[in-house]
Structures are given as C-alpha cells and as structure tokens.
Amino acid sequence: MKFKAMFSPIEIGPMQVPNRFVVAPMCNNFANADGTLSDRSLAYYRERAYGGFGLITIEATVVDKSAKGGTNKACLFDDTTIESFARVIDVCHEAGSKISIQLQHAGPEGNAKAAGYPIKAASAIPASAGRDIPVSVSTEEIYNFIESFGDAALRAKKAGADAVEVHCAHGYFIGSFLSPRTNKRVDEFGGCFENRLRLPRLIIENIRKKAGHSIAILCRINSSDEIPGGLDIHDSAAIAAYLEDCGIDGLHVSRAVHIKDEYMWAPTVMHGGFSADLVTEIKRAVSIPVITIGRFTEPHYAELLVREGRCDLVAFGRQSLADPQTPNKAAAGRLDQLNHCIACLQGCVHNMYQGKPITCLVNPLLGRESELKPAVMPKKVIVIGGGVAGMYGASIAAQRGHDVTLFEATDILGGQMRLAAYPPGKGDITNMVRSYIKRCELSGVKIRMNTRVTKALFAAEAFDAAIVATGAIPLVLPIPGIEDSGLIHAVDLLDGKETCGKKVLVVGGGMVGSETAAFLGELGHNVTVVELREDVAADVISEHRLFLMKDFEKYNIKSVVNAKVSKFLKDGVVYTLPDGTEQHLSGFDTVVLAMGARAYNSIGEDVKEAIKETYIVGDAVKARRALDATTEAMEAALQI
C-alpha cells in the first residue's frame, strides 16, 4: 500500500506540518521535579523527530503551580522552564518536525500531595472512588486560571513551539466544565451550553491576545465521554463547531473520561481506528484540520481515513513508544520491520500511574535511547533461549557490535510470548514475536534452532559473555493425583499439542488459566475455572480484564473461587473452602492445569562456571511479566 495521503503536508493555521503522522501527548514522567524537560526528555523526543513524525505533541504541561498531576510533570507556569523546552524543540526542528505543547490543568484528576494544593474542578465531584474530592473552584480563580493558560502559551511561543494544544478532554479541569455530568455550577460557567463553553472560549481568546496569530491553537476534546450523563458524539460535534468559531486552528479528538479508560488506552483486543466513526462525525462539523487517535499501529487504516477525508492527521500514541521509526519505515516500505505496540499496558500506563518513568515491553529502550552505544570491545556472545528475552538481548548486543549466536532448543522461536497470542483478542502479540525475529536477522544474530546447549558446546566455542534466557515451565505443585490424573497443561493445549473434550475444567484462574478458558469458550467448550483467590483473572491489568470478563459472560464460563485444590481426580478435583468444608468438581472430559509457572534454568550455573560474564534474565530468574524479561535482557546486552 502506498501512503500518499499520510505523507502529504498540511497547514494547521500558521503551521505547515510535513506529514500526517503525529506523536500524541503522553505523560512519561521523564521531566525533572522542577518542571523542566530533562536530558531523558530530550532523547525521547529527538528519537521520534528523527523517526519521521511530522507533528510531535509534548506531554501534558502544567499551566499553574497548583495544578500538577504528579511529581515529574513538565511545567510552563514560570519562565525558568522555557530554556529546557527550547532545547528540546530546537532538536526536533532540526529533524524537520513541528512541535505542539499540550497545556493542561489536571483538575479533578490532579494530585493534591504532588502539587501541594487542593485539587480544583467545576464542581465537588471526585474523579472516581477513593480519589480526593475536588474543591469547586471559585469564579475569581477561574479567571486567574484563564490567565495562566495564556501565560503558558506565551512561554511555549518563546521556547519556539509551533502550536499549543489546550487539553479539554478526559475529565481534566476544562473537561469538568464542558460536561453536565460534572458541571453543577450556577454562575456564568454553569448550566447552558454557552456557559459551559465559556471557559475554553475565554482561554482561547487569552492565548490569542498574548501569543498572537503566529502560533497555532488546537484543542483536544472527547468524541464521547462514554458514560451516561456525560458528553456524547452529538454534544462533541457541537463543541467542535463552537471551538472553531472561537478561532482555533485544529482539533485533536480523543475519547472517554478516566473511569472508562479502556477507550483512552485501549487494550490488545481493540483494533486500530476503533473511534473512526466518532471522529468522522466531528470532521463533518468543522472545516479545520482534525487529528484522530485510537490504537493505531500499522498505518494502513490511517491512510484510508485521511484519503476519505474522515480526518486529517493520525496520532500514533503507544505505537510511537514501541517504534519511534514508524513513519520512516512506512515511507521506505519496511513495515515488515515494524516493532508493533501490542497494547499490553505493562510499561506505559502502569508506570505512568505509579509516577515512574514509562517504559515499553516491546521497546524497553524507551526513554533510555541515549544508552545504546557501540561496544568498547566487541565480544563473542552466546544467548541461550529464543523467547522474547533472548531475542531482544541478542539483537541489542549485536547492534552494539558483538558477535552473537542464539541457541533455541525447539524448532520455533517466541517462547511463552508466542503462545500468549492464542487467546481471544491477543493476536497482535504475534506481531511482536515476528518483529523480534526480524530484529535478530537484521542485526546479524546467528540463530541455531533445535539445539540444546550443553557444557561441551559452550566450552568448545570459547564465548566471552552469555545471556541465559531459558524462560519458565508450568508449575506442578505436589498435590495428590496431579501426576497420574491424565491432566494436560494449558501451554500444550494452546500450542496444539493436546486436545480436550467438550466439558473442561481449568485449574488455576490467573491470567493464563482465564485466557485459556476464554480460548476454549470461544471454540464452544463447556468450561469451568477453579481458582484459589477470590476472583478469577485477579492478576490481569484492569482494561484487559474488562474484556476478558465479557468473554466469561458471553461463553457462559463458570467460576469457582476461594477454592484450594487438595486432590486431582481423573475427571475433576477435590477442593476445600476457607471454612474448611470439602467439595468436589467432577464429570469433566478434560482437566487443564494452569496454576502458574516456575523458572527453568537447568544450565545457568554451568554457564557461570565456564563464562565469567554471564547474565541470567527474565523468567529464568523468576516467572514474572514479559516486561521484566525484555527489560532485563536489554540491561544485560547494554552491559556486555
């Protein structure tokens, strides 16, 4: 497919953007505690500028000292941070990218502890259960915050920004005024549509007054709040038209408030462009350029949307984290080399909420781009294990100039991650596995399949360094009957090595067991899950779990929880409840074991004895998240 539309320039007010690829504003916690952009910030944005993105939107930037949403947030509420922004913007301009800075007041989504001030919103309605109740901001304070947005925009202009983006989405401060669900005010900022839109109108006017017409003004809005009583697409289309009349130059259309954040950072099961119909309605309402977003990875559907006039630019949020070279690869016809975002949410959203610098399972170099340097002394490196940890570590070591050979005991690469792609909605994980294989090929890693590493092998070849990434194997606890009950392992079932009957009992309701149950349910099996904890899928990230539980409902998958399995039978199990009573589950055609995994490291100590510089990584240390595996593999490869 030719991406002619995606690589055509476009004007947004006074700003000409060289192509339609946009880096979305994503909180990354790379900024310094004083609000300045750090060296890490610089490396992060530079990488995406040189990756070919036409417009880069710098993360949500705080406009008032009382409005910080966290400790390491970019700030433009005084002049001391301007220079740090200018440094980043200059580098991105050198690469040919245009820069927009998102201006934000966190409002009810703020952090009173981090800011040192009470959080403020249109009305005293908390963002969600357990969050601080915001103070209903006074009318006088509203006018002060309007000035803060204008002042911050002027500082953005002084730093060299081409545009500012006023954040009106996701239930933050301005968003809390737009929605009748969260705006219960009875002054001039509450009630009717005109009053609820008064705040963004006055902010836009203030920015124009202070920053002039040489800088573009965009607004980020929701296409829908996705919650009853909130804004729907009809409201948002009217808001879009109103904001155009206020004089903005472009719109960035997102979706949902945080309590429906499965639409903000969609999990793997949701496809790229899932909000296309909504943004199309917004585009119909305005004549200014419209940016869309929504789990775009490969640019094919993005090209179609732009061709059809349903939007004008496409923001690649998490995909720009996973592969900052996405536009360049599309332009060069190298999309087979794309590192796909798999929407796992393990390193980006999880870390963002914890106030930690974000990272990426697929691209653990995210935010650490400056650490990838040529090796001082090239070495001969052995990598044992062809899962994602082994492949990533091998490719990074080879990129640095080492002579790397990877050994895989089986006839297929990918390890446990390859099997993770089998349950419903998880197919995109295959893209990651394939991209890692391609990385190894391109970096010159020699791969030896069907080769089990022995002491004789690595002793004979005189390796200088080793990465042991032998992964994990199913956990088999010493429970009576477990060895002779005829059960099968979930990994073997997913891999097509075992089959099961119509009525299936899955023992273990963590992520693997629950997703295996959904896999079987989709195929038409009658499935029951028995789990020790009080909930099935308790270890699954909430956005993923939401859709997994819908599968349980759709396929009528039954759950027995708080159940400690005490014995395996040929057709079921015996279990005890917390009160000590014993129960039976029987009459099943097949019992599938999914009680977890344990480290598999049969060769590690021998390797350490023979090769002084040995690193054991990932599940070979302890069965954990895939993010831990790829991160540890990268760190090992950077140390060699």
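Placing unit charges on C-beta atoms (Lys and Arg positive, Asp and Glu negative, everything else neutral), compute the dipole magnitude of the chain about its Cα centre in debye, rounded to 20.
Approximately 700 debye in magnitude.
Using the Cβ-Cβ distance between Arg452 and Asp336 with R0 set to 51 Å, the FRET efficiency from 1/(1 + (r/R0)^6) comes to roughly 0.95.
Temperature 25 °C, viscosity 0.890 mPa s: under these conditions the Stokes-Einstein estimate for segment 521-589, based on its Kirkwood radius over C-alpha pairs, is 187 µm² per second. Calculated from the structure at hand, mean projected area of the Cα convex hull in nm² is found among (i) 35.8; (ii) 29.7; (iii) 61.0 as (ii). The equivalent ellipsoid that matches the C-alpha gyration tensor of segment 120-160 spans semi-axes of 28, 14, 5 angstrom, in descending order.
In units of the rule-of-thumb radius 2.2 N^0.38 Å, segment 234-363 shows an alpha carbon radius of gyration of 1.12.
Mind checking segment 336-425 for trypsin sites (Lys or Arg not before Pro) that DSSP puts in a loop (not H, G, I, E or B) and that have at most 12 other Cβ atoms within 10 Å?
Here no loop site has a sparse enough neighbourhood.
One chain, two ends: Lys570 and Lys502. Fully extended at 0.36 nm per residue, the span grows by 23.0 nm beyond their Cα-Cα distance.
The residues Met26, Met15, sorted by heavy-atom accessible surface at 1.4 Å with ligands and nucleic acids left out, run Met26, Met15 from largest to smallest. Length, then width, then depth: along the principal axes, the Cα atoms of segment 570-625 run 53, 28, 20 Å. At full extension, Tyr117 and Ser542 could sit 150.0 nm farther apart than now, given 0.36 nm per residue minus the alpha carbon distance.
The simple spin-label model puts a point 7 Å past each Cα toward its Cβ; for Ala33 and Lys356 those points are separated by 1.9 nm.
Once Rg and the Kirkwood radius are both taken over the C-alpha atoms of segment 500-640, their ratio Rg/Rh works out to 1.10.
When exposed loop sites are taken as chymotrypsin sites (Phe, Trp or Tyr not before Pro) in a DSSP loop with at most 16 other Cβ atoms within 10 Å, the longest stretch of the chain clear of them is 275-599.
Report in % the part of the accessible area of segment 1-42 that belongs to carbon and sulfur, leaving out ligands and nucleic acids; probe 1.4 Å.
Values: 830 of 1680 Å².
Percent of accessible area from carbon and sulfur atoms in segment 1-42: 50.
The length gained on full extension between Asp606 and Cys192, counted as 0.36 nm times the residue separation minus their Cα-Cα distance, comes to 141.7 nm.
Evaluated at q = 0.13 Å⁻¹, a Debye calculation over the C-alpha positions of segment 38-195 (equal weights, vacuum) places log10 I(q)/I(0) at -0.63. A convex hull fitted around the alpha carbon atoms of segment 68-148 yields 119 Å³ per residue.
Mean residue ellipticity at 222 nm from the helices of the chain, using -39,500 (n - 2.57) per DSSP H segment of n ≥ 4 over the full residue count, to the nearest 500 deg cm²/dmol?
-9500 deg cm²/dmol
Among the protein heavy atoms of segment 120-264, carbon and sulfur supply 51% of the accessible surface, probe 1.4 Å, non-protein parts ignored. Overall, segment 402-471 carries a charge dipole of about 200 debye about its Cα centre when +1 sits on the Cβ of Lys and Arg and -1 on the Cβ of Asp and Glu, all other atoms neutral.
Taking 15 Å as the straight-line reach from the Cα of Lys426, the aspartates and glutamates in range (excluding those fewer than 8 positions away in the same chain) are Asp495, Glu515, Glu522, Glu543, Asp551.
With 10 Å bins beginning at zero, the pair-distance distribution over Cα atoms of segment 348-399 amounts to 21, 41, 29, 9, 0 %. Taken over the alpha carbons of segment 115-195 as equal point scatterers, the Debye sum produces base-10 log I(q)/I(0) values at 0.12, 0.22 Å⁻¹ of -0.40, -1.09.
Pairs over the 32 Å Cα-Cα cut-off, from the set Lys120/Lys157; Lys497/Lys554; Lys158/Lys260: Lys158/Lys260. For Lys564, the lysines whose Cα falls under 26 Å of its own Cα, not counting residues fewer than eight places away in the same chain, are Lys502, Lys503, Lys550, Lys622. Placing pseudo-labels 7 Å out from each Cα toward the beta carbon at Glu613 and Lys158 gives an inter-label distance of 4.9 nm. Only protein atoms count toward the accessible area here, which uses a 1.4 Å probe; on segment 283-396, the carbon and sulfur part of that area reaches 53 percent.
Note on Asp428: accessible area approximately 40 square angstrom, rounded to 10, probe 1.4 Å, nucleic acids and ligands left out.
With the simple spin-label model, which puts each label point 7 Å out from Cα in the Cβ direction, the Glu582 to Glu534 separation comes to 2.7 nm. In this structure segment 440-533 gives 45 Å² per residue of accessible area when probed at 1.4 Å with all protein chains present.
Take every DSSP beta bridge with both residues inside segment 484-575 and express the antiparallel ones as a percent of the total, to the nearest 5.
Expressed as a percentage, antiparallel bridges in segment 484-575 total about 35.
What ranking of Thr292, Thr71 comes out by heavy-atom accessible area, probe 1.4 Å, highest first? Don't skip to the answer; put the middle values down first.
On the way: Thr292 5, Thr71 80 Å².
The most accessible residue leads, giving Thr71, Thr292.
In the context of the full set of protein chains, residues of segment 373-412 present 35 Å² of accessible surface per residue (probe radius 1.4 Å, heavy atoms only). Accessible surface calculations at 1.4 Å, restricted to protein heavy atoms, place segment 26-70 at 25 Å² per residue. For a straight C-alpha distance cut-off of 20 angstrom, the lysines reachable from Lys612 (same-chain residues fewer than eight places away being disregarded) are Lys379, Lys380, Lys455.
The values are calculated or read from the model by the stated rules, or taken from the named source; none is laboratory data. From a predicted model like this one, the values you see are computed outputs, not experimental measurements. Cβ sites come from the backbone with ideal geometry, for glycine too, and all protein chains shown count toward neighbours. When the accessible area is computed, the model is the full protein with side chains, heavy atoms only, and any ligands, DNA or RNA have been set aside. Shrake-Rupley method; radii C 1.70, N 1.55, O 1.52, S 1.80 Å.
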